[in-house]
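Peer 1: What follows is a structure written as structure tokens; I'll ask about it next.
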Amino acid sequence: MDVMVGRDAGHIDDDLVVPAMDTIVATAPDVRVFNLSIGGAPLDTLDPIARRETLMKLQDLDNFAFARDIVLVIAAGNSWPGVVPNEPYPDHVEDPRWRLGSFALSFNGLVCGSYVDTLAPQGVAGTLGAPSPFTRIGPGMCDSPVPGLSAPGGDGTENYEEAPATGPWVSNADGVWEDHAGTSLAAPLVAREAAWAVKELALRCPPGTSPFSATVKAWLHLVAQRHPLTGAL
């Protein structure tokens, strides 16, 4: 199900996110997994009033996920296209422009980054399994380690634009398949795995019941594979 929370093609109305999901859960309780590929400026770049309001929305989101026992898969977000970090990849982790947006600071959600699974001559990462150069980086609230999971999302060029032929294949509005890079394309892959986990774990539950979201999240972390990266990676 698509939950429409956009003001237009490039802007999300944050105030609509939780009420819209609540409506879906109330009318279709079998919907247990939500993918939030929603960006947002790094929290530290906001003025005090905007920061406080943003944290209140994040609190509402986390409380909703807990109260409704749903699985939230939240994209870590992307750095701004064409913005080159002060320190070259992979030593860019301290650059504040790579910090997480508000929703990706969630305690109760699964924060999803992206990694490189296709090498390209113009790619920055140059290592299979390495984090995509554009992926926003934690820590999360109270220095929690996020992103916790990732999926293939593509590579970036030395100018921090999309590296062609490295991202997932997606269908555009005309039904034509294209490859694009981004964490918003990686997060749905993790959401799909979460939905499959809900379905499979439900087979082990008493009739008429469903697995707790915490069980689903724990299962995903137990079976996730860690790439053998070394050094700064």
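Peer 1: Residues to consider are PRO188, PRO121; find the one that is more than 15 Å from TRP98 (Cβ to Cβ) and either surrounded by 15 or more Cβ atoms within 10 Å (Cβ to Cβ) or touching a Phe, Trp or Tyr at 6+ places or on another chain (Cβ under 6 Å) (or both).
Peer 2: Being more than 15 Å from TRP98 (Cβ to Cβ) and either surrounded by 15 or more Cβ atoms within 10 Å (Cβ to Cβ) or touching a Phe, Trp or Tyr at 6+ places or on another chain (Cβ under 6 Å) (or both) holds for just one of PRO188, PRO121, which is PRO188.
Peer 1: For a quick check of your reading of the model, give me the residue pairs whose first member lies in segment 54-73 and is closer than 24 Å to SER150 by Cα and in contact (Cβ under 8 Å) with a residue 40 or more places away in the chain, whose second is of a type in the set (Val, Ile, Thr) and in a strand (DSSP E or B), with beta-carbon atoms closer than 9 Å and at least 6 apart or on different chains.
Peer 2: Note: pairs meeting the criteria are LEU61/ILE74; ALA65/VAL71; ILE70/VAL33; VAL71/VAL33; VAL73/VAL33; VAL73/VAL111.
Peer 1: From the list ASN159, ASN108, pick out the single residue that is open to solvent by 50 Å² or more (accessible area, probe 1.4 Å) and assigned to a loop (DSSP other than H, G, I, E, B).
Peer 2: ASN159
Peer 1: Now a separate question. Kindly evaluate GLY113 against the criterion of being at pLDDT 90 or above and either more than 23 Å from ASP179 (Cβ to Cβ) or not in a loop (DSSP other than H, G, I, E, B) (or both).
Peer 2: The answer is yes for GLY113.
Peer 1: On the basis of being modelled with pLDDT of 90 or more, touching a His at 6+ places or on another chain (Cβ under 9 Å), within 27 Å of GLY82 (Cα to Cα) and of a type in the set (Gly, Ala, Ser), does ALA130 make the cut?
Peer 2: yes
Peer 1: Can I ask one more? Looking at ALA195, ALA151, ALA218, which is the one that is in contact (Cβ under 8 Å) with a residue 24 or more places away in the chain, among the aliphatic types (A, V, I, L, M), open to solvent by less than 60 Å² (accessible area, probe 1.4 Å) and assigned to a helix (DSSP H, G or I)?
Peer 2: Among ALA195, ALA151, ALA218, only ALA195 is in contact (Cβ under 8 Å) with a residue 24 or more places away in the chain, among the aliphatic types (A, V, I, L, M), open to solvent by less than 60 Å² (accessible area, probe 1.4 Å) and assigned to a helix (DSSP H, G or I).
Peer 1: Looking at GLU158, is it in contact with a strand residue (DSSP E or B) (Cβ under 9 Å, 6 or more places away or on another chain) and farther than 15 Å from ALA75 by Cα?
Peer 2: no
Peer 1: Out of all the residues in segment 17-51, which are assigned to a helix (DSSP H, G or I), at pLDDT below 90 and open to solvent by 60 Å² or more (accessible area, probe 1.4 Å)?
Peer 2: Listed by number, the residues that qualify are ASP44, THR45, ARG51.
Peer 1: Out of curiosity, is TYR89 touching a residue at least 24 places away in the same chain (Cβ under 8 Å), open to solvent by 30 Å² or more (accessible area, probe 1.4 Å) and either among the β-branched types (Val, Ile, Thr) or closer than 29 Å to VAL216 by Cα (or both)?
Peer 2: Here the answer is no, as TYR89 does not meet what is asked.
Peer 1: Among the residues that make up segment 165-174, is at least one of them under 14 Å from the mean Cα position of the chain (by Cα) and among the aliphatic types (A, V, I, L, M)?
Peer 2: No.
The values are calculated or read from the model by the stated rules, or taken from the named source; none is laboratory data. Since this is a predicted model, take the numbers as computed values, not measurements. Quick reminder, even Gly has a Cβ in these numbers, built from the backbone with ideal geometry, and neighbours come from all protein chains shown. Areas reflect the complete protein model, heavy atoms only, side chains present, ligands, DNA and RNA absent. Shrake-Rupley method; radii C 1.70, N 1.55, O 1.52, S 1.80 Å.
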